[in-house]
1. Against the definition (touching a Ser or Thr at 6+ places or on another chain (Cβ under 9 Å) and in contact (Cβ under 8 Å) with a residue 40 or more places away in the chain), how does Gly256 come out, yes or no?
2. Tell me which helices (runs of 4 or more DSSP H) are completely within region 44-155 and hold 1 or more residues being under 19 Å from Met267 (Cβ atoms), or say none if there are none.
3. Among the residues of region 366-393, count how many are in contact (Cβ under 8 Å) with a residue 12 or more places away in the chain and more than 27 Å from Asn301 (Cα to Cα).
4. Examine region 179-189 for a residue that is within 21 Å of the chain's Cα centre (by Cα), in a helix (DSSP H, G or I) and within 16 Å of the ligand (Cβ to nearest atom), and state whether such a residue exists.
5. Of the numbered conditions (1) under 23 Å from Leu260 (Cβ atoms); (2) in a loop (DSSP other than H, G, I, E, B); (3) of a type in the set (A, V, I, L, M, F, W, C), Val171 fails exactly one; give the number of that condition.
6. If you scan region 370-385, which residues turn out to be hydrophobic (A, V, I, L, M, F, W, C) and either within 16 Å of the ligand (Cβ to nearest atom) or surrounded by fewer than 18 Cβ atoms within 10 Å (Cβ to Cβ) (or both)?
7. Regarding Ser336, is this residue away from the ligand (no atom under 16 Å from the Cβ), assigned to a helix (DSSP H, G or I) and surrounded by fewer than 21 Cβ atoms within 10 Å (Cβ to Cβ)?
8. Just to check your reading of the model, which residue among Thr25, Thr21 is over 26 Å from Tyr78 (Cβ atoms) and at pLDDT 90 or above?
Amino acid sequence: MPIPKSPPSPPLPRKPLSPETDVLTKGFDPRLSVGSARPAVFRSSTYVFSSPEAAERAFDLMGGRGQVQEGESVDLVYSRFNHPNAEIVEDHLVPLEPGAAAAAIFNSGMAAIITSLLAVLKPGDTVVYTTPIYGATQTFINDFLEGFGIGHIAVSAGQGDDMDTAIREAVNLRVVLIETPANPTIVMTDIRRAVETVAALAAKSPSNGRAGFDRPLVMVDNTFMGPAFQHPMALGADVSLYSATKYLGGYSDIIGGVALTRDLALMKKIRSKRSLFGNILQPDECWILDTRLSTVLLRMNRQSKNAQRIAESLAGHSKISKVYYPTLFEDAGQRSIAQAQCDYPGGIVSIDLKGGKPAAFDFLRHLRLARNAVSLGGVETLACHPRTTTHSAWTARELEAAGVGEGLVRISAGIENWRDLLHDMEQALDQVAEGY
Ligand SMILES: *Cc1c(COP(=O)(O)O)cnc(C)c1O
């Protein structure tokens with residue numbers, strides 16, 4: 001690889017370093033950017049080979065005709081396959097996700113999800129997935145994959161027994177895709193339990209138990225809690241997926257996605273599909289995202305603190321029937337999942353207004369600081385009404401089953417002063433008309 005994995009002298013201490021240190025000290029060699037302290041943007045579609053032999057070698061490796069040798073430096077070829085800014089941001093993503101050995105960057109979260117699924121699925125396989133799941137993910141599984149003869153079983157978020165049954169009964173189970181916590185009701189699904197059920201199944205069934213990624217894989221859409229608060233691979237999951245548009249990007253100004261895994265053979269498959277589909281993130285966006293990674297843990301910590309203070313202050317408000325937030329979980333099962341799998345409660349709060357849709361609209365209309373927009377994870381606070389926006393394609397039955405009420409408003413806490421945000425929300429609640 002042209003970007004050395006280890007930085008130049010002086011060597012760093014041997015002791016494993018923390019993610020917030022690694023993200024600033026690994027994965028970028030200033031000598032390859034004419035000494036600049038920050039990476040250059042390599043805005044080139046193609047790369048000049050050091051020799052015809054090096055070109056031949058690069059193509060042999062790309063075509064799977066050989067293995068990269070220890071210490072071997074391979075020429076870059078063409079930016080649809082790989083480019084320096086993708087390598088730099090990928091090398092910075094790996095330490096942020098404990099247990100990951102490699103990352104692949106994509107031009108959207110959907111590209112990361114779809115490419116990872118298509119890297120392993122074939123006709124006749126089945127996908128088990130949690131619901132509610134991100135709308136486009138659901139459409140992809142239900143409409144697109146089904147059209148290619150790939151089956152699916154939906155399991156309600158947080159229903160561990162149903163998840164176990166689905167895993168055991170699925171025909172040719174290949175992927176368990178978990179999105180946790182569920183959007184917008186913050187219901188949590190137990191990642192470790194699903195991992196253990198899959199492992200038990202793989203151990204029992206020789207056809208599934210062969211080496212590598214022939215066994216069913218557990219993939220987790222970690223967009224809502226990661227990389228700061230939830231570590232799917234430390235819980236045994238095979239793949240962690242992100243919409244980098246959200247917390248990783250952090251400023252609501254780029255679209256991107258990431259897939260991470262500890263399994264290098266699986267990563268090779270994902271990358272080869274990415275080369276085929278052409279959905280790698282462009283150099284400029286990789287550079288932007290890379291600058292954001294050094295602050296993602298700081299931002300998310302602040303966002304979680306803000307969200308927790310807002311959630312706990314609004315709980316019991318006379319115009320709110322329920323606040324959805326991990327520190328307010330009443331269900332013992334949910335509380336224990338949150339405790340076991342999340343370091344902090346996270347930056348998303350949902351509130352259910354007693355006055356239903358008119359009350360929710362009044363609330364949104366009167367917010368002065370928080371902005372009425374979909375998406376989440378940015379430094380600015382955003383609020384939306386899922387039932388008429390992000391979840392508007394759902395049937396009434398699906399909405400009821402998932403608990404997405406008429407009065408539900410999802411809030412993504414930013415990094416503003418939490419008291420200012422709380423006052424803003426309280427004054428907006430004051431202006432919600434009585435008697436809806
Ligand atoms: C936003 C989002 C996606 C899709 O990501 P894009 O970057 O918009 O493609 C997938 N999953 C979750 C949980 C999301 O919030």
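The values are calculated or read from the model by the stated rules, or taken from the named source; none is laboratory data. All values derive from a computational prediction rather than experimental measurement. In this analysis, Cβ positions are derived from the backbone assuming ideal geometry, glycine residues included, and neighbour counts consider all displayed protein chains.
1. yes
2. 52-62, 84-93, 109-120
3. 6
4. Pass one, region 179-189, residues within 21 Å of the chain's Cα centre (by Cα): 179-189.
Pick out the ones that are also in a helix (DSSP H, G or I) and you get none.
Checking region 179-189: not a single residue is within 21 Å of the chain's Cα centre (by Cα), in a helix (DSSP H, G or I) and within 16 Å of the ligand (Cβ to nearest atom).
5. For Val171, the failing item is (1).
6. Ala373, Val374, Leu376, Val379, Leu382, Ala383, Cys384
7. yes
8. On inspection, the qualifying residue turns out to be Thr21.
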